[in-house]
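Q: What follows is a single structure, and I will ask about it in a moment.
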Amino acid sequence: MEAFKETLLSSFIVFENQLNGQKKSELHKLRQKAFEAFEKYGFPTRKDEDWKYTNLKPIIKHDYKIFHPKEQKLQLDEARKYFLSETDTYRIVFVDGYYASWLSLTTHHQYDICTFSALINRYPEIADEYVGKLINHGDSFTALNTAFAREGAYIFVPDNKIVDKPIEILHFTTPHALPAFQQPRSLLVLGKNSRATVIERHISLSANPVFTNSATEVFLHTGAILDHYKIQTDHYEASLIDNTVYQLQGYSVLNLTTASLGGKFVRNNPIVKLIESMAEAHLWGLTKIDSSELADHHTSIEHIAPHCQSNELYKGIFGGRSTGIFNGKVYVAPHAQKTNAFQQNNNIVLSDKATVNTKPQLEIFANDVKCSHGCTVGQMDENAMFYLRQRGIAADKARALLLLAFAGEIVDKIQLPELRQYVKRIFNQKNHIDFDFDL
Amino acid sequence: MEILEKVTKSEYKYGFYTPLEADKVPPGLNEDIIRHISAKKNEPEWMTEWRLEAYRIWQTMQEPQWANIRYKKPDFQAISYYAAPKPKKQLNSLEEVDPELLKTFQKLGISIEEQKRLTGVAIDVVVDSVSVKTTFKEKLAELGIIFCSMSEAIREHGDLVRRYLGTVVPRTDNFYAALNSAVFSDGSFCYIPKGVRCPVELSTYFRINEAGTGQFERTLVVADEGSYVSYLEGCTAPMRDENQLHAAVVELIALEGAEIKYSTVQNWYPGDKDGNGGVFNFVTKRGLCERDSKISWTQVETGSAITWKYPSCILKGDNSVGEFYSVAVTNHHQQADTGTKMIHLGRNTRSTIISKGISAGRSQNSYRGLVKIGPRAINARNFSQCDSMLMGDQCGAHTFPYIEVENPTAKVEHEATTSKIGEDQIFYCNQRGIPTEEAINLIVNGFAKEVISQLPMEFAVEAQKLLAVSLEGSVG
């Protein structure tokens, strides 16, 4: 892992030299600060409380390639099958960390749905106002992302506007001879009373290891509503660390749905800061992994203002030698009275070799609050199984049905019908069942 | 709010200091001090070596930093590691006990005579680390039960002590366990032979008396196959201005089919209402369950400025059961980081955790627990519940439950809630003629009822009084 850190340290100098004319900008000062932080902390180890159950070594042992040539390798025909819809969405597509205009559908009409590089070049005042304001340099992965921040999605919805179509953000990695390292950096700003739906996916087309370290900052102004979907269905050689920080002002609503259905190593760090009264955050999570995959959800909800609501429900199904980790932190600041925070984590362990580590963590400094959490680890209900078998349903189908029912509570939260069907299909594929009817 | 002010500012009731002539070693810790302690207690050679080895281990260790508590680190070289009341002469009856000491017990409301006669509880009185008085010993001896001070056990039952001491909490376990192993002054030893059901509740009173002395108790309870014992431990410490350190180790061993019930009421001096003084309580308690055995921990924690305590069960044998019932109350500037560890290794092992935390004033109360299901623990079952109650807007309640499951047949459930005493509840009581103070008493006792009901009768009454004293009137 030291080797990879060394590569990163030397790459930063190369990266700096490529930035013509940007060196004096506020953003670059931020990059330098973040870089110093990363240099100081290095990669976390299992001795860090936040990484107690998550072993990074197998991921960072590879000597990843940091810079990729800008090639237009991916054709529309090949990329098309990953699109939710050909025309009914806005699309921001990246290939090997570069913006792929031939695959994207962006707009500057009414609202900006474009790229992080466009933000830096065209709206430097917005960049100065928002970028780096939420992300904490104390975390080495976010610091590393900030240091190399160059490309990603940028969405700006002005006050009182509703984005008429869902926005898809797709990150492709094309086949490479070497392990590839990607660091997308995104910014989402939703003005007062605006609304948007965002779907985020990372797709690796390479047979070699791909490691993505993504960071996103999301600002929801008063009354804004964001439906955010993270669909993680990557193949076995792909790893992802996703840090997303949300700041919610009064009356704003965040609905975050994370479906982790694949990938060698998936770590989600959603941090939600409820900074004004009456803000609401709903986090739904579904995990279904097998073989030696690992999925880690480290959520952090910070109730800073009184009268806010948060609600978390994470469900996981673990087969093979997979490892599931859930750490749900709820922090209630002094004076954040009338907070209502609910958290639940349910897990099903399917095999002898699978491991589940879960740690709900409440830190409460106010007295007039309602906070509760619950978590369970168990198996499938034998009675339900027996009931289905008795009615002539084959064992594997009965099992898949029960698992789908378990997952249903999360899947049904997906508002977009196409996406809901898609997640169900992938989920059933993971259970090796193809129901010949539409569930 | 007036009542809140009045009660949360009520001073420690047990703050008095008994002037006893103490035999003290100079402050500081080195191998000579350890040899001195060991020699003073006429210990055999193996024990001296065991202590020295522990001291060497301790020197290589660091104080743990991970707990959710903030305090000024004690200076381990400024503590006197041994203090015993100077033996005047061998005591044969209660009348010969230092009258000052008897007064102390009367002030605490625990009269030895009364307890002896009325409740049938044998009390092994520990004042500043040396057992002064042991009652009912002969009666227990008839059944083959050994209940004596640790120093006596080392002398008289060396082979038993040697066989079990340090097997559940090894010297290398943690910083404070290593320190305790090196310098422990006294404590209790209890052995219940095969198939014997101990007819009385065994009880010890710990007191920290001499100013500036640390108390390092060592308790070892061994329940042989098919036996049963209920062990009570209660603590009060007089009021002193400087912080006092307490690092005890308790080891329980339940052999096949045995059952141990270990109850604690802890109301050491918590410091005054500005957070000065108070006892630092760093305790390692752990029990080992063999096949078909059961260990049950019940604790009511209302004292100490800092509490760092995790009574644990290692469920090694098949069908063994671990239980943990706890009420932790913090007030003023108290900080508590407490909880349990249930380590399931055997098949069909079961554990239950009920933890109730009450925080008031400016205190911080944390629950930290671990439920670990090992890969061979088929059909393991755990239920955990941790509820917190907050009184006032300057206190904090935190939970850190770790759950690690490596077996698909395990069933693990955890739930936690945080709440306060509702104004509607108080109003309901007031309406029915119950004054606010009593109403809060009622609600707090109701909140803690599941745990209090696990305590033996004698303790349950005291525990309820303690809760009332610590908290009444605190409306959020």
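The values are calculated or read from the model by the stated rules, or taken from the named source; none is laboratory data. Just so we're clear, the structure is a prediction, and the values are computed from it rather than from any experiment. Backbone-built Cβ (ideal geometry, glycine too); neighbour counts: all protein chains shown. Accessible surface is based on the protein model in full, side chains and every heavy atom, while ligands, DNA and RNA are left aside. Shrake-Rupley method; radii C 1.70, N 1.55, O 1.52, S 1.80 Å.
Q: Which percent of Cα pairs goes in each bin when the distances of the range A:300-369 are cut into 5 angstrom slices starting at zero?
A: 4, 16, 24, 15, 13, 10, 8, 6, 3, 0
Q: Now for a different question. Could you list the square roots of 5 times each eigenvalue of the Cα gyration tensor of the range B:215-343, that is, the equivalent ellipsoid semi-axes, sorted largest first and rounded to whole Å?
A: In descending order, the three semi-axes are 31, 13, 11 Å.
Q: How large is Rg over Rh for the range A:218-319, taking Rg from the Cα atoms and Rh as the Kirkwood inverse mean of 1/r across Cα pairs?
A: So for the range A:218-319, dividing Rg by the Kirkwood Rh gives 1.04.
Q: Just going by the charge dipole of the protein assembly as shown, with Lys and Arg at +1 and Asp and Glu at -1 on Cβ, which of A:ALA180, A:GLN344, B:ASN382 is farthest out on the positive end?
A: In the protein assembly as shown, that residue is A:ALA180.
Q: Follow-up. Based on the Kirkwood radius over alpha-carbon pairs, what value in µm²/s does the Stokes-Einstein equation return for the translational diffusion coefficient of the range A:341-411 at 20 °C and 1.002 mPa s?
A: After rounding, the answer is 145 µm²/s.
Q: Ballpark to the nearest 100 Å², how much total accessible area do A and B bury together, probe 1.4 Å?
A: 2600 Å²
Q: Now for a different question. Taking all protein chains as present, what is the carbon and sulfur share of the accessible area of the range A:1-108, in % to the nearest whole number, probe 1.4 Å?
A: 48 percent
Q: Just to verify a number: what accessible area does A:HIS68 come out at with the full protein assembly present, 1.4 Å probe, Å² rounded to tens?
A: Accessible area, nearest 10 Å²: 20 Å².
Q: How high is the relative contact order of the range A:382-439, given as a whole-number percent (alpha carbon pairs under 8 Å, six or more residues apart)?
A: With pairs under 8 Å counted, the relative contact order is 29 percent.
Q: Tally the DSSP beta bridges in the protein assembly as shown and give the antiparallel ones as a percent, rounded to 5.
A: Percent antiparallel among DSSP bridges in the protein assembly as shown is about 10.
Q: Leaving out ligands, DNA and RNA but keeping every protein chain, what accessible area does B:TRP66 have, in Å² rounded to the nearest 10, with a 1.4 Å probe?
A: Number for this one is 130 Å².
Q: Still on this model: Of B:LYS194/B:LYS309; A:LYS329/B:LYS309; A:LYS33/A:LYS73; A:LYS397/B:LYS316, which sit over 28 Å apart, Cα to Cα?
A: B:LYS194/B:LYS309; A:LYS33/A:LYS73; A:LYS397/B:LYS316
Q: Follow-up question, since we're still on this one. Per residue, how big is the convex hull around the C-alpha atoms of the protein assembly as shown? Give it to me in cubic angstrom, could you?
A: 187 Å³
Q: A further question on this structure: Evaluate the distance, in nm, between pseudo-label points positioned 7 Å from the Cα of A:HIS432 and of A:SER10 along their respective Cα→Cβ axes.
A: With each label placed 7 Å out from Cα toward Cβ, I get 4.6 nm.
Q: Would you work out the relative contact order for chain A, in percent, from Cα pairs under 8 angstrom that are 6 or more residues apart?
A: It rounds to 9 percent for chain A.
Q: Given the Cα-Cα distance of B:ARG432 and B:GLN59 and 0.36 nm per residue of separation, how much length would full extension add, in nm?
A: 128.2 nm
Q: Can you give the FRET efficiency for A:HIS307 and B:GLU45, using 1/(1 + (r/R0)^6), R0 = 56 Å, r = Cβ-Cβ distance, to the nearest 0.05?
A: Efficiency for this residue pair is about 0.25.
Q: Same structure again: How many angstrom lie between the Cα centre of the range B:57-83 and the Cα centre of the range B:425-443?
A: 44 Å
Q: With the dipole of chain A worked out from charges on the C-beta (+1 for Lys and Arg, -1 for Asp and Glu) around the Cα centre, which of A:ALA238, A:ASN357, A:PHE83 lies farthest toward the positive end?
A: Of the listed residues, the answer is A:ASN357.
Q: Sticking with this structure for a sec: Can you list residues whose amide H is under 5 Å from A:GLU312's amide H, if they're 5+ apart or on another chain and H is modeled 1.01 Å from N?
A: Residues meeting the criterion, in which the H sits 1.01 Å from N, are A:LEU283, A:PHE342, A:GLN343, A:GLN344.
Q: With every protein chain left in place, what is the accessible area per residue of chain A in square angstrom, probe 1.4 Å?
A: 39 Å²
Q: Next question, about the same structure. How would you classify the range A:2-379 from its alpha-carbon gyration tensor, with a ≥ b ≥ c the square roots of the eigenvalues: rounded for a/c under 1.5, else prolate if a/b is greater than b/c, otherwise oblate?
A: Rounded is the answer for the range A:2-379, as its axis ratio a/c remains below 1.5.
Q: If the range A:382-439 were replaced by its equivalent ellipsoid, with semi-axes equal to the square roots of 5 times the Cα gyration tensor eigenvalues, what would those be, largest first, whole Å?
A: Working from the Cα gyration tensor, I get semi-axes of 22, 12, 9 Å.
Q: Given the options A:GLU78, A:GLU363, A:GLU36, state which has the largest fluctuation in a GNM of chain A using a 10 Å cut-off (strictly under) for Cα springs.
A: Maximum fluctuation in the GNM of chain A, among the listed residues, is at A:GLU78.
Q: Next question, about the same structure. With 24 Å as the limit, write out which pairs from A:LYS413/B:LYS372; B:LYS261/B:LYS372; B:LYS356/B:LYS420; A:LYS264/A:LYS424 have Cα-Cα distances beyond it, or answer none.
A: With Cα atoms farther than 24 Å apart: A:LYS413/B:LYS372.
Q: If you don't mind, another one. Using the Karplus curve 6.51 cos²θ - 1.76 cosθ + 1.60 with θ = phi - 60°, what ³J(HN,Hα) values do you get for each residue of the range B:353-369, in whole Hz, with x for Gly and Pro?
A: Going residue by residue, I get 10, 10, 10, 10, x, 10, 10, 9, x, 10, 8, 10, 10, 10, 9, 10, x Hz, with x marking Gly and Pro.
Q: At what distance in angstrom do the alpha carbon centres of the range A:24-38 and the range B:374-403 lie from each other?
A: Going from one Cα centre to the other spans 41 Å.
Q: On to the next question. Between A:ASN121 and A:SER291, what FRET efficiency follows from the Cβ-Cβ distance if R0 is 30 Å, with the result rounded to 0.05?
A: Plugging the Cβ-Cβ distance into 1/(1 + (r/R0)^6) gives 0.10.
Q: With springs only between Cα atoms under 10 Å apart, run a GNM on chain A and tell me which of A:VAL14, A:VAL163, A:VAL218 wobbles the most.
A: For chain A, modelled as a Gaussian network with Cα springs under 10 Å, the answer is A:VAL14.
Q: Nearest 0.05, what FRET efficiency do A:SER101 and A:ASP352 give at R0 = 41 Å with Cβ-Cβ as r?
A: E(calc), rounded to 0.05, equals 0.25.
Q: Follow-up question, since we're still on this one. Just need the Rg to Rh number for the range A:1-145, please, alpha carbons only, Kirkwood Rh.
A: Result: Rg/Rh = 1.00.
Q: Comparing A:ILE162, A:ILE126, A:ILE304, which has the greatest mean-square fluctuation in the GNM of chain A with Cα pairs linked when under 10 Å apart?
A: The residue with the greatest mean-square fluctuation here is A:ILE126.
Q: I've got another one for you. Students often forget the sequence filter, so: which aspartates and glutamates lie under 12 Å Cα-Cα from A:LYS192 once same-chain residues fewer than 8 apart are removed?
A: The qualifying aspartates and glutamates are A:ASP159.
Q: Would you list B:LYS341, A:LYS353 from the most to the least accessible area, probe 1.4 Å?
A: From most accessible down to least: A:LYS353, B:LYS341.
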